[in-house]
Every structure is written in structure tokens, then in C-alpha cells.
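Here is the structure we will look at.
Derivation of every value follows stated rules applied to the coordinates shown; laboratory data play no part. Not measured: the values here are computed from a predicted model. With ideal geometry, Cβ positions are generated from the backbone for all residues, glycine too; neighbour counts draw on all protein chains shown.
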Amino acid sequence: MDKTRLLIVEDEGLVARDLENMTRTMGYEVLGVASTADEALVQVACLHPDLVLMDVVIKGTLDGIAAAERIWEIYHIPVIYVTAYTDEVTVQRATLSQPFGYILKPFDERELKIAVEMAVYKSRMALKLKEREEWLSALLKSIGDGVIATDSEERVTFLNPLAEKLTGWKHEEALKRPLAEVFSTVTPGREASPMDGRSPEETTLRSKNGSTFPIEKIIMPINSSGGNSSGCVIVFRDISARKQTEQALKESRDRLHQALQGTIQAMALTIEIRDPYTAGHQRRVSKLACAIAEEIGLPEEQIEGLRVAGDIHDIGKIYVPAEILSKPGQITAIEYGIIKTHPQVGYDILKTIKFPWPVAQIVLQHHERLDGSGYPLGLSGDQILKEARILIVADIVEAMSSHRPYRPAHGIDRALEEITQNKGIQYDADVVDACVRLFRQKNFRFD
């Protein structure tokens, strides 16, 4: 390990030689001896010692205390005061200059060695702390977020340049001001304290000039070693551009949704034009299916997909000749076989459309039954989508309660009797119970 290098500043020659001999004996390297404060400053600039042993009362234009302050401020070299003076004024001045050690003459080698080692250690720690503070300061000034720090009384202790720009407050004028004055936030509908919450939150910042804009902030408490709060750090950013982008995306989504709804309605209308006796059937089935889905607690996203599927679940009937769809009286087995193809045809039409929901599958399955007696695939149990199970019940109830060319309407009571008798057999029990509640307890109506 390299020797600690010392500079001795002492105007009494005999004391200087004793001090030099003592430090050399202890293994330190003495770079020089200065007899005045001015000479000491010159030697420090040239030699850059690790430590200075400084007599407090010394000849020259500066005394030892003033010289020590300059040495630490300019060169970051620690100073130990070596003096025989213990009067109150001298001690107070020495204390205010924050020396790295204070030794009273006469002293022994052990006392001096301890003072030197402690001073070197303290100075290294102080320099490391200073470096970290400078690094942190540079980091906080360069990051793309506003940063404000406070003390335990919620008074501002630091603003980085972006925080100055966003709040409109300069660092110097903001210091020691209440945080609520410098960082004034407003949550819609109420005044909000800057200290509300410690998780990411969107709010509105009111700058010094009165302008407002949306920000996202997070508050991180600073705790002392005893666990008590010693302030906080607020990190925030202007999210005006993000909000504008979100609004543009929402408007674009709304336009796409409207276009999708228009397309769905056009497809539904195409079927109704070919089959006037079932005009409105798809719309009414969709209405009941969505009401059932809400009753059993399906998420809104699933309900929206069910609504789309319900509105066009009979699109496959475009393949069925119009004379069969509107034929009065009993249809033949062959005609019924043609009608039974419409779920598959509907699936084939819709499967290439990239809906955000399984619309094509729901349409394909809307004539399946839990016991496997349905068509076109004879699916059973969990093979049938939940949305399709809802659509199955809604389709049965609407069809039985409405007039058809080949039969009169059976009415709601008969339709509910049908699904109740086959609850858990052909139809999903939860769906049937929800449907019955809607009509019997909640006065659901198709129109």
C-alpha cells in the first residue's frame, strides 16, 4: 500500500522538526514543511499531499483556519489542526471550518496516528459522497422526467431543469417553498394535494403562469435511518402528446367500430330482404342473447362479440332458396335439409373475416344441442362455446314466440316451457334460468 503523503505547516522550527520526525517514524511520507499559510497554499498546489497538518496560529496574510478552508474547497485535501490554543473563539472558528481532525499540543504518536488515519478515511468517504452527489445531480438533470425533492415539511429542496420548465418555477425561487405551491395538481372534480398516493397516477398540473396540462406522477418517500419520513421525491412527465395519441386512436377505433356495425347491419338486412317473414328475427335474438349474457355476468368484451354474432347468425340462409324460406305450410325433408346447411354456410362466409371475437364459430354452433342432437356437427357439452349456448336459447325463444309462414306463433310461455323442460339436457341450465328470470321477473320484452 502506498504511504500517506503529508505536508506540515508550522512556523516554529523546533516543533516542525519534531512533527516531521514523528510522522516519518510512523511510516508517513513528508513531502515538505511550510512556515506560512501562503507558502502552504503554494506547496499544496505543487505537491498535492494526501493530508495537511496545519498550525492554527501561523504567520502570513492568512491564518491556519482560513488556509485550511481554501485547501479543502479548492483541492479537496483534508486538514488536521495542530495547535496549543483552546480559547473559545479559536475552537468555534475551527469547528465552523469543519476540519478532519483537531490535535492539541503536546500530543503523542498514538494520538497523531489515529487522527491522521481517521482524517484520510473521512476525506475519502467525503469525496466518494461528493462524486455520487455530482453523478446523481447530473443524472437527474439529464433524464427525460421532471424531478422535485422535498424535506420532511414538504418544502422544495431540489428541481431538475425539466421540472423547472414544466412548473414554470426556477430552482432558486422554488427552494424552501411549500410543495403545493410549486407543484400544483388538480384531479378532475377536486383539488388534489401533490402528496396524494404513492403509485403512478395521472393528474393535471397547473404551472406558475396558470396553464394546465396532463401529467403522470409517482411519489417516492425518503425515509431516514430511524424509519421516519424525511421528505419525498416526485417524478413526473408531461403526457399531453400521449393523451392526444390516445384520443386519436379512440376516434379511429370508434370509426372502425361504426364501419363494422354498418357492415353487420348491411349483412343482416340482406337476409331480411330475402326472408321478410323473419325480418327483425336476428336483431331480436341478439337483443335477448345480450341480455342473458349480462344476466349471467359475461364480460362486456364477450357480450359485444355475441351481439355481432346474433345480428348475423342466420346469414347462411342466403344460400337457401327464397321460396323455401317463405313457403307456407309444412316443408319437406329435403327442404329442411337445405335449411339445416345455413350454419355451415354462415361459418364459411364469416371465417375469413378477422373479427376480434369467435363470431364464425358462434354462428356455426347456434343450432347445436348439449346432448349432441343438434346440427351441423353434432357437438355436445363443453364443445359448444358459451356464447353459442346463449344464442341457442335466445334463438329458440324468439322463433317459437314469433309467427312463421308454416305455423302460427306459440307465444313466450310456450317457448319458456320448451327451454325449461330441456334445461341441462339440450340447453345450458344457467342460460335457461337467466332467460326465464328476464321474462318472469324483469319484464324483458323483444320490442
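Relative to the longest principal axis of the C-alpha atoms of the chain, give the angle of the C-alpha long axis of helix 386-401, reported between 0 and 90° and rounded to the nearest 10°.
Compared with the principal axis, the helix lies near 30 degrees.
Amide H of Tyr102: which non-local residues (sequence gap of 5 or more, or other chain) have their own amide H closer than 5 Å, using H built in the peptide plane?
Long-range HN contacts for Tyr102: Tyr81.
Give the long-range amide H neighbours of Gly32: residues separated by 5 or more places, or on another chain, with amide H under 5 Å away, using H modelled in the peptide plane at 1.01 Å from N.
So Gly32 has HN proximity to Ile8.
What are the semi-axes of the equivalent ellipsoid for segment 263-440, taken as the square roots of 5 times the Cα gyration tensor eigenvalues, largest first, in whole Å?
Numbers: eigenvalues 101, 78, 50 Å².
Its equivalent ellipsoid spans semi-axes of 22, 20, 16 Å.
Hey, with R₀ at 60 Å, roughly what FRET efficiency would Leu249 and Asn21 work out to, going by the Cβ-Cβ distance, to 0.05? If you can, show how the numbers build up before the last one.
Values: r = 81 Å, r/R0 = 1.35.
Efficiency, from the Cβ-Cβ distance: 0.15.
Please list, in order along segment 38-51, the HN-Hα scalar couplings obtained from phi with the Karplus expression 6.51 cos²θ - 1.76 cosθ + 1.60 (θ = phi - 60°), rounded to whole Hz, x for Gly and Pro.
Running phi through 6.51 cos²θ - 1.76 cosθ + 1.60 with θ = phi - 60° gives 5, 5, 4, 5, 5, 5, 4, 5, 8, 9, 6, x, 7, 7 Hz.
Between Ile384, Ile296, Ile74, find the one with the highest GNM mean-square fluctuation for the chain; connect C-alpha pairs within less than 10 Å.
With Cα springs under 10 Å in the chain, the top fluctuation among Ile384, Ile296, Ile74 is at Ile74.
I need the phi-derived Karplus couplings for segment 230-244: 6.51 cos²θ - 1.76 cosθ + 1.60, θ = phi - 60°, integer Hz, Gly and Pro marked x.
Coupling constants for segment 230-244: 10, x, 7, 10, 10, 10, 8, 9, 6, 10, 4, 5, 5, 5, 5 Hz.
Report, in degrees rounded to the nearest 10, the 0 to 90 angle that the Cα long axis of helix 300-311 makes with the longest principal axis of the chain.
Helix 300-311 sits at roughly 30 degrees to that axis.
Name the most mobile residue of Ile334, Ile312, Ile419, meaning the one with the largest mean-square fluctuation, in a Gaussian network model of the chain with Cα contacts below 10 Å.
Of Ile334, Ile312, Ile419, the most mobile in the Gaussian network model is Ile334.
Remind me, relative contact order of the chain in percent, using alpha carbon pairs under 8 angstrom and six or more residues apart? Working shown, then result.
Values: 701 pairs, mean separation 32.6, N = 447.
Dividing the mean separation by the residue count of the chain yields 7 percent.
Going by amide H atoms built from the backbone, whose H comes under 5 Å of the H on Ser184, apart from near neighbours?
Residues meeting the amide H criterion: Arg206.
Per the Kirkwood definition applied to all pairs of different Cα atoms, how many angstroms is the hydrodynamic radius of the chain? Spell out each step's value before the answer.
Working: mean 1/r = 0.0329 Å⁻¹.
Result for the chain, one decimal place: 30.4 Å.
Under the rule of -39500 (n - 2.57) per DSSP H run of 4 or more residues, summed and divided by the residues of the chain, what mean residue ellipticity at 222 nm is obtained, to the nearest 500 deg cm²/dmol? Intermediate results must be reported in sequence, preceding the final value.
Values: 18 runs with 216 residues, N = 447.
It comes out at -15000 deg cm²/dmol, rounded to the nearest 500.
Work out how far the C-alpha atoms of segment 366-438 reach from end to end along every principal axis, then list the three figures in whole Å, largest first.
33, 28, 19
Using a cut-off of 12 Å between beta-carbons, work out the net charge of the residues near Val156 (Lys and Arg +1, Asp and Glu -1, Val156 not included).
On the way: positive: Arg155, Lys170, Lys176, Arg177; negative: Asp151, Glu153, Glu154, Glu164, Glu172, Glu173, Glu181.
Result for the neighbourhood of Val156: -3.
Taking a spot 7 Å from the Cα of Leu256 along the direction of its beta carbon, which residues of segment 345-379 have an amide N less than 13 Å from it?
Taking a point 7 Å out along Cα→Cβ of Leu256, the residues of segment 345-379 whose backbone N falls under 13 Å are 354-357.
Tell me the Kirkwood hydrodynamic radius of segment 397-447 in angstroms, computed as one over the mean inverse distance between distinct C-alpha pairs.
On the way: mean 1/r = 0.0878 Å⁻¹.
Averaging 1/r across every pair of different Cα atoms and inverting gives 11.4 Å.
Mean projection of the alpha-carbon convex hull of segment 5-140 over all orientations, in nm²? Write out the running numbers ahead of the final one.
Values: hull surface 33.8 nm².
With every direction weighted equally, the projected area is 8.4 nm².
What FRET efficiency, computed as 1/(1 + (r/R0)^6) with R0 = 51 Å and r the Cβ-Cβ distance, is obtained for Thr204 and His76, rounded to the nearest 0.05?
Efficiency at R0 = 51 Å is approximately 0.65.
Cross-link partners among aspartates and glutamates for Lys105, C-alpha distance below 15 Å, same-chain residues fewer than 8 apart left out?
Glu10, Asp11, Glu12, Asp18, Glu20, Asp55, Asp87
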